[in-house]
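Student: Before I ask anything, here is the structure I am working with.
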Amino acid sequence: MDTDTTEQALRREAIRRHLQGERRRDICAALKRSPRWFDKWWAEYRRDPQTDFADRSRAPHTSPQAMPPPVAQAVVLIRHMLEAAQTPETKYGLIGKRAIRGALDRLEIEPLPSPATIQRILVQAGLTHPVGAGSAAAYYPWPVAWEVNAIHATDIITRHVYGGEEIENFHTIDLYSHAVYLTQHADKSSATMGAHLRKTWANLGLPFVQQLDNEAAFCGGHTHPRVIGQVVRLCLFCGIEPLFTPVYEAKRNYQIETFHSLWDKGFWSRENFTDLAHVQAETPTFLRWYHTCYQPPRLNGQTPTQIRRGVLLRRLTADVRGLIPVGRLPITAGRIHLMRKVDGVGQITLLNETWPVGDKWQGDYVRATINIAQQTLTIWHQEDADADWHLIKTRQFRLKESVHDLLPAFRRNRARCRELWPG
């Protein structure tokens with residue numbers, strides 16, 4: 001048997017056990033591995049939940065020293081020239097590695113270094129800048145799905161059929177099993193979104209966390225401050241914690257974005273759909289294939305159906321669904337999470353309000369958690385995958401409406417969720 005494959009399987013098994021609540025020392029004893037070994041791969045998983053647990057080469061791909069000294073000197077000189085911006089050609093524009101490479105290419109410098117090599121030369125010369133509000137290099141604390149239905153992610157993808165009719169395709173994926181539920185509609189209102197979620201929770205089961213982007217239909221709109229929209233109210237009423245990704249960062253919802261691509265290739269582009277009814281009629285066929293035949297790369301040769309087999313699912317059954325009021329929902333005790341990147345003046349914006357965080361955190365990602373029952377806003381920072389969450393600020397978050405208690409039918413043990421995300 002291939003040694004690497006066996007070792008990868010052990011690493012994967014260790015993380016799976018830990019996500020299901022098994023203690024580190026018990027895992028190490030069962031797998032005959034050291035705590036240091038476990039800590040390394042737990043940190044790797046938290047850094048990148050999509051890791052394949054393979055060993056990484058320690059050898060650098062290239063080295064600045066491999067470049068002839070005149071080329072490295074040219075990189076440094078061009079960087080200084082671009083930053084000085086003293087000519088019409090450099091007054092506006094970029095100063096990064098790709099801009100430098102373009103200048104080297106126009107000067108016919110050989111050998112032409114790659115962007116990665118240029119970046120290493122700049123680092124060695126001390127010409128890189130610290131992470132700022134516009135940088136994408138800050139650590140992002142990815143949410144970890146610890147079991148089936150721990151976290152669902154939902155997004156809308158718009159398509160047009162022949163003749164121009166617009167179809168709004170609502171897609172939800174369970175981040176642990178990769179099972180999906182799809183509905184199609186003529187609009188993407190909050191009411192339609194609510195209908196999609198009800199059907200999803202009846203089919204896949206109720207999640208602990210519902211991940212969303214900042215689409216107006218999801219968050220309640222972008223006009224009124226401290227708005228608690230209908231979709232958020234529905235989640236809270238059903239005992240689900242909404243989690244909003246950072247604004248304008250679709251990559252933070254990459255699991256559903258990846259599914260969009262698969263759906264586009266395997267479904268939408270395979271048929272000349274005529275109208276909404278046609279799309280709705282064909283979707284079950286695609287879903288059967290996806291759940292029973294398709295093996296998502298991260299499931300190690302298993303299908304979503306196989307991963308979920310034997311799992312007791314807590315679904316939104318008809319009798320429980322009947323407890324949800326018709327019309328405007330009340331605000332229910334629970335928590336709302338919003339991932340945000342601190343801007344250049346040390347602030348974040350959430351629910352159409354701006355909140356100070358501090359200049360120290362410029363460019364970093366933080367988690368803002370609203371505790372509805374306590375009516376508080378807490379802001380948390382995680383330095384890296386190995387660090388615990390650190391509380392930065394606590395503020396009052398007063399609501400004008402009364403807060404209702406969670407109904408017994410929707411109460412669940414949320415210890416794991418609160419362990420991963422204090423607040």
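The values are calculated or read from the model by the stated rules, or taken from the named source; none is laboratory data. On a predicted model such as this, the values are computed, not experimentally measured, just so you know. Methodologically, a virtual Cβ is constructed for each residue, glycine included, from the backbone with ideal geometry; neighbour enumeration extends over all protein chains shown.
Condition check ((1) in a loop (DSSP other than H, G, I, E, B); (2) of a type in the set (Gly, Ala, Ser); (3) at pLDDT 95 or above) across all residues:
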site	(1), (2), (3)
Asn169	no, no, yes
Thr172	no, no, yes
Ala195	no, yes, yes
Thr200	no, no, yes
His224	yes, no, no
Val227	yes, no, no
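Student: A further question on this structure: Restricting attention to the range 300-310, does a residue exist that is more than 29 Å from Ala191 (Cα to Cα), of a type outside the set (Ser, Thr, Tyr) and part of a strand (DSSP E or B)?
Tutor: Scanning the range 300-310 turns up no residue that is more than 29 Å from Ala191 (Cα to Cα), of a type outside the set (Ser, Thr, Tyr) and part of a strand (DSSP E or B).
Student: Then there is this: Give me the pairs: first residue in the range 169-188 and touching a residue at least 12 places away in the same chain (Cβ under 8 Å), second residue surrounded by fewer than 20 Cβ atoms within 10 Å (Cβ to Cβ) and acidic (Asp, Glu), beta-carbon distance under 9 Å, and six or more apart or on different chains, which are they?
Tutor: Tyr176/Glu147; Ala186/Glu165; Ala186/Glu166; Asp187/Glu166; Lys188/Glu215
Student: Can you pull out the residues in the range 352-395 that are under 23 Å from Ala43 (Cα atoms) and surrounded by fewer than 15 Cβ atoms within 10 Å (Cβ to Cβ)?
Tutor: Within the range 352-395, Glu383, Asp384, Asp386, Ala387, Asp388, His390, Leu391 meet the criteria.
Student: Taking Arg340 as the residue in question, decide whether it is touching a strand residue (DSSP E or B) at 6+ places or on another chain (Cβ under 9 Å), closer than 29 Å to Glu147 by Cα and in a strand (DSSP E or B).
Tutor: So Arg340 passes the test.
Student: Okay, moving on. What are the pairs with Cβ atoms under 8 angstrom where one residue, in the range 282-308, is among the acidic types (Asp, Glu) and the other, located anywhere, is part of a loop (DSSP other than H, G, I, E, B) and surrounded by 19 or more Cβ atoms within 10 Å (Cβ to Cβ)? Sequence gap at least six, or different chains.
Tutor: Glu282/Phe267; Glu282/Phe273
Student: For the subset of the range 114-143 comprising residues that are in contact with a helix residue (DSSP H, G or I) (Cβ under 6 Å, 6 or more places away or on another chain) and in a loop (DSSP other than H, G, I, E, B), which member is modelled with the lowest pLDDT?
Tutor: Thr128
Student: Still on this model: For the range 95-108, which positions are outside any helix (DSSP H, G or I) and farther than 14 Å from Met81 by Cβ?
Tutor: Glu108
Student: Of all residues in the range 313-326, count the ones that are more than 11 Å from Leu204 (Cα to Cα), in a loop (DSSP other than H, G, I, E, B) and of a type in the set (A, V, I, L, M, F, W, C).
Tutor: Number of matching residues: 3.
Student: Quick check: is even one residue across the range 347-368 part of a loop (DSSP other than H, G, I, E, B), in contact with a strand residue (DSSP E or B) (Cβ under 6 Å, 6 or more places away or on another chain) and at pLDDT 90 or above?
Tutor: yes
Student: Being part of a loop (DSSP other than H, G, I, E, B), at pLDDT 95 or above and under 18 Å from the mean Cα position of the chain (by Cα): is that true of Pro207 here?
Tutor: Taking the combined requirement at face value, the residue satisfies it.
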